[in-house]
Every structure is written in C-alpha cells, then in structure tokens.
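The structure appears below as structure tokens.
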Amino acid sequence: MKKISFQLFLLLAYGFARLPVRVLYGLTGFIGVMLHRVLRYRLRVVRQNLRNSFPDNTPEQLKKTEKEFYNHLAELFTEYIKMLQVSKKELQNFVGFRNPEVIADLHAQGKSVFLAAGHCGNWELLSKRICDITSHHSIAIYKQLSNPYFDQLVKDARERLDTLELVESKTAYRALARKNKQLNSVIIVADQSPAGNEMDYWTDFLHQDTAFFNGIEKMAKALDYAVVYLESKRVRRGHYEVTASLITADPKSLPENEITHKYAQMLEQSIRNQPSNWLWSHRRWKHKRPQTMQA
C-alpha cells in the first residue's frame, strides 16, 4: 500500500515539475496560507523559536517574520518539486555565486574544502550548483531518510544534471578518507540539532544555549581540509545569492572548537540579516546542555 501511494505521489510530483516555474510560483500564495493558517504546520514551534531568538522584537515584528517565513516555506516546496525536472539553465538562474574565486583559489593551492552551509535559502539547490562553480570533485553529505521510497526520490533529485556524489553522514569520514588523494569540495548543512551530549560544542546562539555538531571541525583537522562558510540569501522570488567566506585554510593551526564557533557566529549573522530565510519549523533547541557541562 505504501508503495502504491508513493507511486501516485510520484506521478503528481513529476506532473507538477513539468510546469513552468512562473506557474508553480503562482501557487505559492495558496500553499503558504494552507501551511500557515489551515494546517498550522509546526506553528507552535515556529512561534516559540522566533520569540526566544528575538526577545526584543515587538509582537508585530514577530508576526511579520512568521508570515514571511511561511511564504518562504511555500516557495521551497515548489522549488523542491521543480528540482525533479529542472534544467541546467533554470538551476543557474535559481542560485548565483558572488565570489566563486574563494573556492577556486583553494583548488589552485591543492586544498580540499568543506563548504559549511545552513538551512538558509534553498540548501538543496545550493548543493546542486556546487558542481558548476568548482573544479573540485563535488560531494554532498546527507542523512538517509527513514522512508526508503522518499529517500531514493530525494537522491535522484539531488543527483540530476551533475556529478554531485552523495555520501551518507554516518560513513562520511571513512568515505572521505578513502578519497583523500583527490581534491574534494564537500558541502554539508551543519546546523542540524545534535543529540545534545558532552561531545557537542555548546555556545550562545540567538540568545539560547545551543549545541552544534563539531564533525566538520574534527574531519577538517584530520583530513587537512579548508573550511568555507556559504551564506545563501534570497534576493527575490526564484533567485538566491551565495557568498563564500573563508573560515580557515589551515584547520590544524586553530584551537579546539574555533572552527565550529566561527561557523555558528557567521550563521547567526546570516539569520539576523534575513530572519525569514531560515528554517524556523526545525526543532532546533529540543536538547539541553548536560548537567556535567553546566557551570
């Protein structure tokens, strides 16, 4: 039954994906209202996250950001559908890079690089554009979905049009260690909520005690990868602009947790610059710092 339901969904998804982008965007107003006002998709989570992150904002400011976020979420939904049939030209129009030379310079220096992004803009389209702007072998680290049908669908959408290689997060280090003789650019969305244990890096982030994975830092030091932060900003409907900022080209020279701390700071500034552009429906603060780590 699950397989039949998925096949029906697939027919609808590919049918919608064939529509012109402007037609799909014409549906976003309706989708946004449905998510926000009718289905109230994770509305309680969104409101709590916004209140805690912006305690000095007025109720009117919070409501404005809330509404803009659901409009953004509706656009993400239509863009994900379009990814199933997106052309190379459409993909280039979706995501523009301001300074790809930051990554090109690292390739010229013989350096592999971790590209640390956040759940800002459209991170899926960003991942697909990496192949176009670097001479590195492009890899994306992803977390396998529990539903095998949807997992395969997402993988197919991510691998269309380009040579982007997918590596599952649980085996990422071993896979990258085997490829360490080639120059790699590895994109990872690094702001997921970790388990919240003593292995994580804890810091003040958006006025809240927040845990961050430090896997990028550990892998960068072990494999001698540079680390670059990618800021994805929505310029207008259907177009995101990405800016690359070098965190370090020499990870071993930095003290422990410095890379993770810099990433958290850059991500927070990106969110403050464009609040509605982040994934507020994510249960980001579901864990508390372990008692053994508290002062």
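The values are calculated or read from the model by the stated rules, or taken from the named source; none is laboratory data. None of the values given here were measured: they were computed from a predicted structure. Backbone-built Cβ (ideal geometry, glycine too); neighbour counts: all protein chains shown.
Results, tabulated for the structure shown:
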{"read-out": "Number of the exception - Ile247 against (1) out of contact with any Gly (no Cβ under 8 Å at 6 or more places or on another chain); (2) outside any strand (DSSP E or B); (3) buried (at least 18 other Cβ atoms within 10 Å of the Cβ)", "value": "(2)"}
{"read-out": "One residue from Phe97, Phe30 being under 22 Å from Ala244 (Cβ atoms) and of a type in the set (Phe, Trp, Tyr)", "value": "Phe97"}
{"read-out": "Residue that is surrounded by the fewest Cβ atoms within 10 Å (Cβ to Cβ), among those in region 170-190 that are assigned to a helix (DSSP H, G or I) and hydrophobic (A, V, I, L, M, F, W, C)", "value": "Ala177"}
{"read-out": "Single match in Ser270, Ser253 (criterion: exposed (fewer than 15 other Cβ atoms within 10 Å of the Cβ) and hydroxyl-bearing (Ser, Thr, Tyr))", "value": "Ser253"}
{"read-out": "Qualifying residue in region 31-51 (condition: out of contact with any helix residue (DSSP H, G or I) (no Cβ under 6 Å at 6 or more places or on another chain), in contact (Cβ under 8 Å) with a residue 40 or more places away in the chain and surrounded by fewer than 14 Cβ atoms within 10 Å (Cβ to Cβ))", "value": "no"}
{"read-out": "Candidate set from region 19-29 (those that are closer than 27 Å to Asp156 by Cβ, exposed (fewer than 13 other Cβ atoms within 10 Å of the Cβ) and not β-branched (Val, Ile, Thr)); member that is modelled with the highest pLDDT", "value": "Gly26"}
{"read-out": "Unmet criterion (only one of (1) assigned to a helix (DSSP H, G or I); (2) surrounded by fewer than 19 Cβ atoms within 10 Å (Cβ to Cβ); (3) modelled with pLDDT of 85 or more) for Ser193", "value": "(1)"}
{"read-out": "Meets criteria (under 30 Å from His287 (Cα atoms) and of a type outside the set (S, T, N, Q)) for Lys181", "value": "no"}
{"read-out": "Which numbered condition Gly118 misses (of (1) out of contact with any strand residue (DSSP E or B) (no Cβ under 7 Å at 6 or more places or on another chain); (2) closer than 23 Å to Tyr41 by Cα)", "value": "(1)"}
{"read-out": "Residues satisfying the stated conditions in region 274-295, i.e. at pLDDT below 95 and of a type in the set (Ser, Thr, Tyr)", "value": "Thr292"}
{"read-out": "Some residue of region 218-228 being at pLDDT 95 or above, more than 21 Å from Ile141 (Cα to Cα) and of a type in the set (Val, Ile, Thr)", "value": "no"}
{"read-out": "Residue check, Trp280 part of a loop (DSSP other than H, G, I, E, B), buried (at least 17 other Cβ atoms within 10 Å of the Cβ) and within 15 Å of the chain's Cα centre (by Cα)", "value": "yes"}
{"read-out": "Subset of region 217-244 (residues that are of a type in the set (D, E, K, R) and buried (at least 16 other Cβ atoms within 10 Å of the Cβ))", "value": "Glu217, Lys218, Lys221, Glu231, Lys233, Arg234"}
